[in-house]
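Since the structure comes first, as structure tokens, the remarks are kept for the end.
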């Protein structure tokens with residue numbers, strides 16, 4: 001099995017495929033079943049955001065080693081409308097779609113490291129890491 005998976009996001013079915021790919025790549029490092037669920041949930045949220053806000057994009061899941069630690073890196077990338085105010089988007093309860101506004105803040109809490117880069121009109125890149133214990 002390849003240690004990197006690229007999943008194009010353009011439909012609901014792709015969200016499920018991204019979740020499953022994330023679980024499969026993370027399983028290579030023998031993450032616990034609860035960590036596999038956490039990783040899949042974070043991927044699902046990011047893929048859903050791509051589909052809902054940008055229409056299309058991709059999720060890349062790969063293994064990474066840094067400073068003697070091994071883990072999974074998830075990159076969610078789209079060329080959508082971007083996030084106008086990142087700080088606001090990371091606040092619990094903030095939503096532009098009428099949802100509960102727990103998506104990005106929840107993803108940040110689930111994973112060990114979280115980065116987001118976005119420019120209005122040019123898209124968004126969210127990068128996550130979960131380190132094996």
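The values are calculated or read from the model by the stated rules, or taken from the named source; none is laboratory data. Just so we're clear, the structure is a prediction, and the values are computed from it rather than from any experiment. All Cβ positions, even for glycine, are placed from backbone atoms using ideal geometry, and neighbour counts span all protein chains on display.
Results, tabulated for the structure shown:
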{"quantity": "Check on residue 7, within 12 Å of the chain's Cα centre (by Cα) and farther than 18 Å from residue 114 by Cβ", "calculated": "yes"}
{"quantity": "Residue 63, sole failed condition from (1) at pLDDT 95 or above; (2) within 19 Å of residue 15 (Cα to Cα); (3) touching a helix residue (DSSP H, G or I) at 6+ places or on another chain (Cβ under 9 Å)", "calculated": "(2)"}
{"quantity": "Among residues of the stretch 3-23, those that are out of contact with any strand residue (DSSP E or B) (no Cβ under 9 Å at 6 or more places or on another chain) and in a loop (DSSP other than H, G, I, E, B), counted", "calculated": "1"}
{"quantity": "Within the stretch 24-44, considering residues that are part of a helix (DSSP H, G or I) and in contact with a strand residue (DSSP E or B) (Cβ under 9 Å, 6 or more places away or on another chain), the one farthest from residue 130 (Cα to Cα)", "calculated": "24"}
{"quantity": "Restricting the stretch 45-70 to residues that are in contact with a strand residue (DSSP E or B) (Cβ under 6 Å, 6 or more places away or on another chain) and crowded, with 22+ Cβ neighbours inside 10 Å, the residue that is nearest to residue 110 (Cα to Cα)", "calculated": "46"}
{"quantity": "Residue match in the stretch 12-19 (condition: over 21 Å from residue 104 (Cβ atoms) and either modelled with pLDDT of 95 or more or surrounded by fewer than 18 Cβ atoms within 10 Å (Cβ to Cβ) (or both))", "calculated": "yes"}
{"quantity": "Residues of the stretch 17-36 that turn out to be within 16 Å of the chain's Cα centre (by Cα) and free of Cβ contacts under 8 Å to residues at least 12 places away in the same chain, as a count", "calculated": "1"}
{"quantity": "All positions within the stretch 81-117 that are within 22 Å of residue 55 (Cβ to Cβ), modelled with pLDDT of 95 or more and in contact with a helix residue (DSSP H, G or I) (Cβ under 8 Å, 6 or more places away or on another chain)", "calculated": "116"}
